[in-house]
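Enquirer: For reference, the structure I am asking about is given below.
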Amino acid sequence: MIKNKIAIIGAGSVGATIAYNLSNRGLANEMVLVDTNRDKAEAEVLDITHGMPLGSTANIYAAGYEACGDAEIAIITAGAKQRPDESRVELMDRNVGIMRSMVHDLMGAGFAGVMLVVTNPVDVLTYVAYRESGLPRGQVIGSGTVIDSARLRTFLARHCNLNPQNVHGYVIGEHGDTSFPAWSNVTFGGVQVSEFCSDCGRGLGLGCSEDDLQTEATEYVREAAQRIIKAKGSTYYAVAQAVAIITQAVLRDERRILPVSAVVSEFDGFREAAFSYPHFIGRTGIALDSGRRGRLQYELTDHEQELLRNSIRFIIENTERAGY
């Protein structure tokens, strides 16, 4: 049997929910949960394993970084929690030092697999993890706007009365307030939004236009996390689902196209930076043999290109503020 081992760093709400989601999917036959609060990690493991007689089974246990060296993928979720009305960037000063420490401990254990960063601000911290780990660029990725893209599909499906699995499109740029849907590439069952809207009877009756739809969708995606955080403290269910999709693409070498945060150099004249863009994801992280440098050849309008440039500039400013 092929050994699929997952290491999850952080047993908080996000890390524990990811572990539960992954165990239900049966993606790994071994999973280690690492947390500074060992008792908490062991309790989460116990809670998950109690359900295994009713579903998938795997060897799940709590341990230290020494157990992570032979993992195929390490998912980093630990860090300070985002407070209500606190931007992801405001988290940065608290989390950069934590990320450095975690990456050094992970690499000290001999880790050589794919590193998946979930901790916010994910774009800056993905770059920090890349620089501190010394791993090849393609092996260090962030969860990026996979969750934002899922939120976009959810909003459009509800608004247009469709199944969300038939809505296709990506949110790109920063995982934060400068993100945006690449609207020119959003489709409903392969049909462009403009064509769909022109045939939709609801538009005439409700005063709905494509421009209104785009504006509302963008606002919904940007504000979704804060709405949840204010009401229940943090987001973790959908994030865990997004991380599971990325993890599956890595472990099964799916070459799946996902808008992960990845370190990109020589993009439109910018310095090296991490931001979300559709990439091919496989066993080595970014599948560099698929497409140009592992990226989808994504056609954007002039306006979308400028939005992406502005988002990258914002990420670079904060990356440099963090000392990189």
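Enquirer: So what does log10 I(q)/I(0) come out to for segment 251-324 at q = 0.11, 0.28 Å⁻¹, using the Debye formula with one equal point on every Cα and no solvent?
Expert: The Cα Debye sum returns log10 ratios of -0.30, -1.30.
Enquirer: I'd like to know which of Ser101, Ser276, Ser179 lies farthest towards the positive end of the charge dipole of the chain, counting +1 on Cβ of Lys and Arg and -1 on Cβ of Asp and Glu.
Expert: Ser101
Enquirer: Let's test the formula: R0 of 22 Å, r as the Cβ-Cβ distance of Gln165 and Gln248. What FRET efficiency results, to the nearest 0.05?
Expert: Working: r = 16 Å, r/R0 = 0.74.
That gives a FRET efficiency of 0.85.
Enquirer: Quick one: putting +1 on the C-beta of Lys and Arg, -1 on the C-beta of Asp and Glu, what dipole do you get for the chain around its Cα centre, in Debye to the nearest 20?
Expert: 620
Enquirer: Label-point separation (nm) for Glu66 and Glu195, each offset 7 Å from Cα along Cα-to-Cβ?
Expert: 6.1
Enquirer: Among Gly55, Gly15, Ser87, whose Cα projects farthest towards the positive end of the dipole of the chain, with charges put on the beta-carbon of Lys, Arg (+1) and Asp, Glu (-1)?
Expert: After comparing all options, I get Gly55.
Enquirer: Just to be sure I understand: with springs between alpha-carbon atoms less than 10 Å apart, which residue in Thr187, Thr145, Thr126 has the highest mean-square fluctuation in the Gaussian network model of the chain?
Expert: Thr187
Enquirer: Any chance you could get the radius of gyration and Dmax over the Cα atoms of segment 64-164, in Å?
Expert: 15.9, 51
Enquirer: By the scheme Lys and Arg +1, Asp and Glu -1, what is the net charge of all other residues having a beta-carbon under 12 Å from that of Leu258?
Expert: +1
Enquirer: Still on this model: Residue-wise, which Karplus ³J(HN,Hα) couplings in Hz belong to segment 190-195, taking 6.51 cos²θ - 1.76 cosθ + 1.60, θ = phi - 60°, and x for glycine or proline?
Expert: x, 9, 4, 4, 4, 5
Enquirer: Still on this structure, I have one more. Counting other Cβ atoms within 10 Å, keep those with at most 16, restrict to DSSP loop, and tell me which trypsin sites (Lys or Arg not before Pro) in segment 35-124 are left.
Expert: Values: sites: Arg38, Lys40, Lys81, Arg88, Arg94, Arg100; in loops: Lys81, Arg88.
Here the trypsin sites (Lys or Arg not before Pro) that fit, given the DSSP loop and packing criteria, are Lys81.
Enquirer: If you scale each eigenvalue of the Cα gyration tensor by 5 and take the root, what three semi-axes come out for segment 1-66, rounded to whole angstrom and sorted largest first? Working shown, then result.
Expert: Numbers: eigenvalues 62, 36, 19 Å².
Computed over segment 1-66, the values are 18, 13, 10 Å.
Enquirer: Would you kindly calculate the translational diffusion coefficient of the chain, applying Stokes-Einstein with the Kirkwood radius from alpha carbon pairs, for 10 °C and a viscosity of 1.306 mPa s, and quote it in µm² s⁻¹ without decimals? Mind dumping the intermediate values first?
Expert: Details: Rh = 20.1 Å.
Translational D for this selection: 79 µm²/s.
Enquirer: Separate question: For a footprinting-style exposure proxy, rank Leu308, Leu296, Leu46 by other Cβ within 10 Å, fewest first.
Expert: Numbers: Leu308 25, Leu296 17, Leu46 11.
Placing the least packed residue first, the sequence is Leu46, Leu296, Leu308.
Enquirer: A further question on this structure: Can you run phi through the Karplus equation (6.51, -1.76, 1.60; θ = phi - 60°) for segment 25-34 and list ³J(HN,Hα) in whole Hz, with x for Gly and Pro?
Expert: Karplus values, whole Hz, x for Gly and Pro: 7, x, 6, 10, 9, 8, 9, 10, 10, 10.
Enquirer: Would you kindly state how much longer the chain becomes between Glu266 and Leu300 on full extension, computed as 0.36 nm times their sequence separation minus their alpha carbon distance, in nm to one decimal? Walk me through the numbers before you get to the answer.
Expert: On the way: separation 34, 0.36 × 34 = 12.24 nm, distance 1.76 nm.
Going from the current span to full extension adds 10.5 nm.
Enquirer: Here's something else I'd like to know. Pairs of alpha-carbon atoms within less than 8 angstrom and 6+ residues apart define the contacts here; what relative contact order does the chain have, in percent? Let's see the in-between values first.
Expert: On the way: 615 pairs, mean separation 57.6, N = 324.
18 percent.
Enquirer: About its Cα centre, how strong a charge dipole does segment 180-324 have in debye, to the nearest 20, once Lys and Arg get +1 and Asp and Glu get -1 at the Cβ? Don't skip to the answer; put the middle values down first.
Expert: Numbers: 16 positive and 20 negative charges, 167 e Å.
The dipole of segment 180-324 has a size of about 800 debye.
Enquirer: A further question follows. Charges at C-beta only: +1 for Lys and Arg, -1 for Asp and Glu. How large is the resulting dipole of segment 1-110 about its Cα centre, in Debye rounded to 20? Can you show the working numbers first?
Expert: Values: 10 positive and 14 negative charges, 34 e Å.
Its charge dipole is roughly 160 debye.
Enquirer: Per residue, what volume in Å³ does the Cα convex hull of segment 204-313 take up? Don't skip to the end; give the middle numbers.
Expert: Numbers: hull volume 18.0 nm³, N = 110.
Dividing the Cα hull volume of segment 204-313 by its residues yields 163 Å³.
Enquirer: Extension gain Lys232-Asn29, at 0.36 nm per residue separation less the Cα-Cα distance, in nm? Let's see the in-between values first.
Expert: Details: separation 203, 0.36 × 203 = 73.08 nm, distance 3.25 nm.
Contour length minus the Cα-Cα distance gives 69.8 nm.
Enquirer: Applying the Karplus parametrisation 6.51 cos²θ - 1.76 cosθ + 1.60 with θ = phi - 60° to the phi angles of segment 39-47, what ³J(HN,Hα) value in whole Hz is obtained for each residue in order, glycine and proline being reported as x?
Expert: Running phi through 6.51 cos²θ - 1.76 cosθ + 1.60 with θ = phi - 60° gives 4, 5, 4, 5, 5, 5, 4, 4, 5 Hz.
Enquirer: Let me ask you something else. Report, by chain and number, residues whose modeled amide H sits under 5 Å from the one on Val114, excluding near sequence neighbours (fewer than 5 apart, same chain).
Expert: For Val114, whose amide H was placed from the backbone, the distant partners under 5 Å are Ile73, Ala74.
Values quoted throughout were computed directly from the atomic coordinates according to the rules given, and no laboratory measurement underlies them. Small disclaimer: the values here were computed from a predicted structure and weren't measured. FYI the Cβ positions are ideal-geometry reconstructions off the backbone, even for glycines, and counts take in every protein chain you see.
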